[in-house]
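Below is one structure, written out as structure tokens; the observations come after it.
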């Protein structure tokens, strides 16, 4: 897996975010470094939903935060609407932040338990001095209505009085307060029940249409992202494996890792469930990644070449890019 | 060995005292688990599935939780048994795997010490035998390099590894009935598949009975013999797994099934949802508990509670107008 390479980057004017060779390292004692993200490039066009998929520890959350410069990446470039974020100073970066918002995995712990729901949603507006109090109050009501909560019932209550799904709605309302262009959703539904997941996924779709958002959707669950994404990027150990449209990726996964991910999705059918192939073992440590293709230690098709040379992303069919020496046919 | 079920719950109910009055978490549940059987209990958060499994094992706090009905384990009535007597059954008779392996393991004790504790206390093994058995258990749950893992602390292991350790601890004293409460919910999809596979293999190897509690019908589809669907503290449908998927009767089961995101569904489409939410468990309603969210609701559903009726051997449901019936 793995690859580096930029064959998949587009030249269109509609590109709202372009990330090139992004690397994020964390010190891990002594001379060791954890390379959570190593040399990732991708772009997103306005109105797209890019899903970033991979197992725990593949660097997908770190990548999401690195885009927002939380913290600044070790190297590489993040270009948002023609502006290079990695070289901006603190004040300039702060000015650009309202346009990029994030919602987090655990909706309960990402809301302040001491603030009322009205205050939580109002906080970004208050910090940025948007409008007067009446305008802000109306805006809060509008946002709460938009996410399917009744302002009269919820405004004065605290977050701990709500279920996980409702807390995620509050988080979404808060993230939309400053009318962002780009919304990064980090595992927004993995802490929720199956039945509530569907409600939140539909809500995100509605919000995207209503507010003209561009979404980055980070998840470990391919079935969840299938419903919402227009493009999927599969990551493994800090590298990109495969990029494609969802339908193409699921019907024709070319990377062996993508194939394993697809076949791990539980199928609600007792006759099918017994015949699935599962991925053995666990990902290697990102402190000491394998040479060449990083997936080779778990890959059924690995050869000597995979240990020697890192595969580059190349186009296998229109809009479908794979970083593998021996892609599945 | 008798023909009686391994575990039998009759009119089993659990309520909690709250500031707003009694909260009815589990209501009149009748379930049997046969020797060697794997039963899935499926429902949303708040449906009472976790309280049911903990209540059956006697793990709920005595003062806060009121249990009624009977719990018969292996021909012993445990419903009124004092904690001291219940302890005799924990570990060797019934054991439980908890949802979150990080909080269920003690963060300041090494894996080895947590793993051998049950062996030393319950089976009175000496230190060396317990360690040997501990290593064998870790090997059995497919943990690479068990010797090293014995010396580690929970935070040094990945989520999947921690869940394997939890399974090893639960299996240490060779229980005859294993409760697995959302065993894979905190895990990645790939690891989830591995852990479910492992649980199924171990069940067959050891001839255990197993109760898997989950909110995801997809997870239990290939790993259970029977499934009980719970809603608002009641069992609303119970059937052999294949029959349930092929022939579900209860609109709630259908709604749960439809809300699972599927790979074979076209992308970019809205997912079917179950609108509304669970009824307030402190306010017992008249009529069917699912009436407020059911797409097929009629006046009869709101007025009177449907009884549990059997359509085929082992397949019962609680609905006035079942799917496929005359509406």
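Only the coordinates and a few stated rules stand behind these numbers; no lab work does. Computed from a predicted structure; not experimentally measured.
Mean separation of Cα pairs under 8 Å and 6+ residues apart, divided by the residue count of chain A: what relative contact order is that in percent?
Reported relative contact order: 25 percent.
Under a GNM of chain A (C-alpha, springs under 10 Å), which listed residue has the highest mean-square fluctuation: A:77, A:38, A:251?
A:251
Looking at chain B as a GNM with Cα springs under 10 Å, which of B:27, B:67, B:262 has the largest mean-square fluctuation?
Comparing B:27, B:67, B:262 in the GNM, the peak value goes to B:262.
Taking 8 Å as the Cα distance limit and 6 or more residues as the minimum spacing, I'd like the relative contact order of the stretch A:1-44 as a percentage.
Averaging sequence separation for qualifying contacts and normalising by length gives 46 percent for the stretch A:1-44.
Classify the stretch B:96-185 from the C-alpha gyration tensor, please: rounded if a/c falls under 1.5, else prolate or oblate depending on whether a/b exceeds b/c.
oblate
Of all DSSP beta bridges located in the protein assembly as shown, what percent are antiparallel, nearest 5?
Percentage antiparallel, nearest 5: 60.
I'd like the projected area of the protein assembly as shown, averaged over all directions, using the convex hull of its alpha carbons. Report it in nm² with one decimal.
That works out to 31.6 nm², a quarter of the Cα hull's surface.
Using the alpha-carbon centroid of each, what span in Å lies between the stretch B:181-205 and the stretch A:203-223?
29 Å
Given a cut-off of under 8 Å on Cα pairs at least six residues apart, what relative contact order in percent is computed for chain B?
Reported relative contact order: 20 percent.
Over chain B, what is the percentage of antiparallel beta bridges among all DSSP beta bridges, to the nearest 5?
60 percent
First check a/c for the stretch A:284-329, with a ≥ b ≥ c the square roots of the eigenvalues of its C-alpha gyration tensor; if it is under 1.5, answer rounded, and if not, answer prolate when a/b is larger than b/c or oblate otherwise.
Prolate, because a/c is 1.5 or more and a/b exceeds b/c.
When every alpha-carbon pair in the stretch B:32-186 is counted, what percent end up more than 19 Å apart?
57 percent
I'd like the antiparallel share, as a percent to the nearest 5, of DSSP beta bridges with both residues in the stretch B:1-149.
In the stretch B:1-149, DSSP labels about 95 percent of beta bridges as antiparallel.
Only Cα pairs within less than 10 Å get springs; with that Gaussian network setup on chain B, which residue of B:299, B:225, B:35 has the largest fluctuation?
B:299
Whole Å is fine, so just give me how far the alpha carbon centre of the stretch A:258-329 lies from that of the stretch A:1-63.
First find each Cα centre; the distance between them is then 18 Å.
Expressed as an acute angle from 0 to 90° and rounded to the nearest 10, what is the orientation of the C-alpha long axis of helix B:159-171 relative to the principal long axis of chain B?
The angle comes out at about 80 degrees.
What angle do you read, to the nearest 10 degrees and between 0 and 90, between the alpha-carbon axis of helix B:127-140 and the longest principal axis of chain B?
Approximately 50 degrees, to the nearest ten.
On a 0 to 90° scale, report how tilted helix A:117-127 is relative to the longest principal axis of chain A, with both axes built from alpha carbons and the result rounded to the nearest 10.
Once rounded, the angle reads 80 degrees.
Take the alpha carbon gyration tensor of the stretch B:34-89, find the square roots of its eigenvalues, order them as a ≥ b ≥ c, and report rounded if a/c is under 1.5; if not, report prolate when a/b exceeds b/c, else oblate.
It is oblate, given that a/c is not under 1.5 and a/b is not larger than b/c.
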